[in-house]
1. Using Cα centres only, tell me the gap between region 84-121 and region 190-267 in whole Å.
2. Using 7 Å Cα-to-Cβ label points, what is the THR231/ARG257 separation (nm, one decimal)?
3. Heads up, I need the accessible area for LEU86: 1.4 angstrom probe, whole protein in place, Å², nearest 10.
Amino acid sequence: MADRVHPAPLLPLSTPPAPPTDNSDAAAETAPLRSAAAAPGASYVVHVPKDQALREPPPDRKLAARPARRRMLRRACCGACCALLLLLVLAAAFVGAVYLVLRPRAPSFSVTSLSVAGLLDPSPAQLDAAVRADNGANRKVGVDYRGGGEVSVSYSGVLLATGRWPAFYQAPRNVTLITMPLTGRDGVVVALTDDQRGRLAEQAAAGAVPLTVEARVPVRVRLGKVLRTWTVDVWARCEVTVDRIDGETTAANRGCRVKAKPLWWWW
């Protein structure tokens, strides 16, 4: 009996190796890149294509520039505040020096006499007031009384007569007596009630009629020969008592107050 012959397994086909070529460029492309150590002290120039160059700084650089601007703005604000504070300190020092050298004082006022007529008659009231302005407390400070001032006399809150304060300059250490006519406003009869008229008659019979003299005068203060302040309104209020209401009287002052808040030494 013949033996059975089994077929032998097929061997895999092997591809022959590619023949070597002389193209050095292709070999350079397929060859792996090897890192070489840079020579010490060597410099390199890198060329970047124009289409890949950045035309503006990246966002992180923009964010880094913002704090720098804020610091500059903060420094500018601090510098302006310091300059303003320095000016205020210098102005305060100048005002203090002027005050210590000149020692300004407010002038005093008093009513020396009042001529009264027509308070109880059905006719407009007529008054003549003599006011004493004393600037003797100031050695180097003069008072320039401007035009437009007004003087009024009232009784128990009822306006009796008004007049104009004259414009003049009062030198340091000077006392001026001012006489001014006062009349009822627009020729109107004094509007006293029956109770006020009765009380006024009783006080006139007793020789003690209380009246209020008020003045609003725009003034400008002269400090020495060069400096002048701005024009401010000065209010003066005097409480006086007269012994009669039908002629020349002697006024007894019960106190006068002077106010001018914009001038810090006058109150």
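The values are calculated or read from the model by the stated rules, or taken from the named source; none is laboratory data. All values reported here derive from a predicted model rather than from experimental measurement. Quick reminder, even Gly has a Cβ in these numbers, built from the backbone with ideal geometry, and neighbours come from all protein chains shown. When the accessible area is computed, the model is the full protein with side chains, heavy atoms only, and any ligands, DNA or RNA have been set aside. Shrake-Rupley method; radii C 1.70, N 1.55, O 1.52, S 1.80 Å.
1. 17 Å
2. Those two pseudo-labels are separated by 2.7 nm.
3. Counting only protein heavy atoms, LEU86 exposes about 100 Å² to solvent.
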